[in-house]
Amino acid sequence: MIKFTIVTVTYNAEGVLRPTTDSVLMQSYAGVEHLIIDGASTDRTLQIAEEYRQKSADAACGHEIRIISERDKGIYDAMQKGLNLAQGDYICFLNAGDRLPNADTLLMIADKVDNERMPGVLYGDTDIVDGDGNYLFRRRLTPPDHLTWRSFRQGMVVCHQAFYARTDIARAIPYDQQFRYSADVDWCIKVMKACEEKNLELKNLHLTVANYLQEGQTTIHHRASLRERFRVMVRHYGWLSTIIMHVWFAIRQLFK
């Protein structure tokens, strides 16, 4: 049985945390480590997290829940802490407000993993939901059948919440915290590059594996995020390729 580490980053997240923890609690798959990395919240976030840990223990579902609460330097500092602590075979970041879609989501993912040669990355589709978990629409950028690190020239075609990286590879790649909103894009590309160097498969699960809350931090800080993503793309794909792709993005928007 493979083990999944789910990392949830929180700060004063009492209004959105419970749906996330409920979605993990309902998983029928036992091999789950859930790390809640909190930035010293001053609201009821920690109380909700502790209630969740007790519910998980009472349910005897086999999940391991760990809660760490301390001041941090931002979301990617907190995510790095989760990455350093992860003990599962695969790691995924499911932040407060985001959810696993169904009770058998992790079971279905695990069923697609060949334990003889475990893929470097497992990835799937993402649905956008509102604060009540109601389906709004399928994420516009959809995962390609054959993902490579070059695929992100088209944009972040796999949502971070739908990107399960092999922990032994992921832990060796720290988040670049000079980026406030797009370090996840940079990190995913680096993970995929490392997988290519090791000749490891990036496996399309052909499943919806994440429900993403529409108003996340990147959405709120949209312009700053776009500027950072441009810098990330230049880093990995060069100036010329990045400028050509952005001209294409602009033309495509005009004719939508």
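The values are calculated or read from the model by the stated rules, or taken from the named source; none is laboratory data. Fair warning: this is a prediction, and the values are worked out from it, not measured in the lab. Positions of Cβ are generated from backbone atoms using ideal geometry, with glycine treated the same way; all protein chains shown enter the neighbour counts. Areas reflect the complete protein model, heavy atoms only, side chains present, ligands, DNA and RNA absent. Shrake-Rupley method; radii C 1.70, N 1.55, O 1.52, S 1.80 Å.
Please pick out the residue among Arg53, Arg71, Arg66 that is assigned to a helix (DSSP H, G or I) and among the charged types (D, E, K, R).
Exactly one of Arg53, Arg71, Arg66 is assigned to a helix (DSSP H, G or I) and among the charged types (D, E, K, R), namely Arg53.
Of everything in segment 81-98, what is outside any loop (DSSP other than H, G, I, E, B) and open to solvent by less than 60 Å² (accessible area, probe 1.4 Å)? Give them in sequence order.
Lys81, Gly82, Leu83, Tyr90, Ile91, Cys92, Phe93
Here's the yes/no breakdown for (1) without any contact (Cβ under 8 Å) to a residue 12 or more places away in the chain; (2) closer than 24 Å to Tyr135 by Cβ; (3) not in a helix (DSSP H, G or I); (4) not acidic (Asp, Glu):
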position	(1), (2), (3), (4)
Val157	no, yes, yes, yes
Ile169	no, no, no, yes
Val185	no, no, no, yes
Val191	no, no, no, yes
His206	no, yes, yes, yes
Arg227	yes, no, no, yes
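Which number in (1) surrounded by 20 or more Cβ atoms within 10 Å (Cβ to Cβ); (2) in contact with a Leu (Cβ under 7 Å, 6 or more places away or on another chain) marks the one condition that Met108 misses?
(1)
Residue-wise test of (1) in contact with a Leu (Cβ under 7 Å, 6 or more places away or on another chain); (2) over 25 Å from Ile128 (Cβ atoms).
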| site | (1), (2) |
| --- | --- |
| Thr5 | yes, no |
| Asn12 | no, no |
| Thr21 | no, no |
| Met26 | no, no |
| Gly31 | no, yes |
| Leu35 | yes, no |
| Ala40 | no, yes |
| Glu50 | no, yes |
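Only one of these is open to solvent by 20 Å² or more (accessible area, probe 1.4 Å) and either outside any strand (DSSP E or B) or under 18 Å from Ala162 (Cβ atoms) (or both): Pro119, Pro101. Name it.
Pro101
Report every pair of residues separated by at least 6 positions or lying on different chains whose Cβ atoms are under 7 Å apart, first residue within segment 29-56 and touching a residue at least 24 places away in the same chain (Cβ under 8 Å) and under 18 Å from Thr167 (Cβ atoms), second part of a helix (DSSP H, G or I) and open to solvent by 10 Å² or more (accessible area, probe 1.4 Å).
Tyr29/Leu107; Tyr29/Ala110; Leu35/Leu85; Ile37/Lys81
Restricted to segment 150-192, and to residues that are hydroxyl-bearing (Ser, Thr, Tyr) and touching a strand residue (DSSP E or B) at 6+ places or on another chain (Cβ under 8 Å), which residue is surrounded by the fewest Cβ atoms within 10 Å (Cβ to Cβ)?
Ranking the qualifying residues of segment 150-192, first place goes to Thr167.
Taking segment 192-213 on its own, how many of its residues are under 17 Å from Asp114 (Cα atoms) and among the polar types (S, T, N, Q)?
Number of matching residues: 2.
Keeping to segment 2-21, report how many residues are under 13 Å from Tyr52 (Cβ atoms), in contact with a helix residue (DSSP H, G or I) (Cβ under 8 Å, 6 or more places away or on another chain) and either part of a loop (DSSP other than H, G, I, E, B) or open to solvent by 20 Å² or more (accessible area, probe 1.4 Å) (or both).
Summing the residues that are under 13 Å from Tyr52 (Cβ atoms), in contact with a helix residue (DSSP H, G or I) (Cβ under 8 Å, 6 or more places away or on another chain) and either part of a loop (DSSP other than H, G, I, E, B) or open to solvent by 20 Å² or more (accessible area, probe 1.4 Å) (or both) in segment 2-21 gives 3.
Looking at segment 81-107, I want the residues that are closer than 26 Å to Glu201 by Cβ and have a partner that is of a type in the set (A, V, I, L, M) and in a loop (DSSP other than H, G, I, E, B) with Cβ atoms under 6 Å, at least 6 apart or on another chain. Which pairs are those?
Short answer, once both residue conditions are applied: Asp89/Ile2.
Exactly one condition in (1) more than 25 Å from Asn84 (Cα to Cα); (2) open to solvent by 30 Å² or more (accessible area, probe 1.4 Å); (3) not hydroxyl-bearing (Ser, Thr, Tyr) is false for Ile128; which is it?
Result: Ile128 passes all but (2).
Based on this model, can you work out whether Val232 counts as modelled with pLDDT under 95, buried (at least 17 other Cβ atoms within 10 Å of the Cβ) and under 18 Å from the mean Cα position of the chain (by Cα)?
In short, yes.
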